[in-house]
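S.K.: Sharing a structure below in structure tokens format, with a few things to ask.
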Amino acid sequence: MNAKKGFRIHFLVFLLTTPLIWLVWYLTDRTYIWPLWSTLAWVVGILFHFLGVYFFKNFKNK
């Protein structure tokens, strides 16, 4: 699979899933903001995936 396409799929799944996670939190017990942890972790993953595809791709071949 193309690396850019893989990143776009990863980002799209993030955009579609994260609101659902927050909706579950909103409709259940809201005393602890637990979706914040998964959202932040996923953002870090998206960031590193983006950097790997668009910035560090040249270092693979060297």
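S.K.: Suppose all protein chains stay in the model; what accessible area per residue would a 1.4 Å probe give for the chain, in Å²? All intermediate terms of the calculation are to be shown ahead of the outcome.
M.R.: Details: 5090 Å² over 62 residues.
Solvent-accessible surface per residue comes out at 82 Å².
S.K.: To test your reading of the geometry: what angle, between 0 and 90 degrees and rounded to tens, separates the Cα axis of helix 35-54 from the longest principal axis of the chain?
M.R.: 10
S.K.: Same structure, new question: Rounded to the nearest percent, how much of the accessible area of the chain (1.4 Å probe, protein heavy atoms only) is carbon and sulfur? Before the final figure, lay out each step's value.
M.R.: Numbers: 3770 of 5090 Å².
That share works out to 74 percent.
The values are calculated or read from the model by the stated rules, or taken from the named source; none is laboratory data. Keep in mind the model is a prediction, meaning the values are calculated, not measured. Side chains are part of the model used for accessible areas, which takes the heavy atoms of the whole protein and leaves out ligands, DNA and RNA. Shrake-Rupley method; radii C 1.70, N 1.55, O 1.52, S 1.80 Å.
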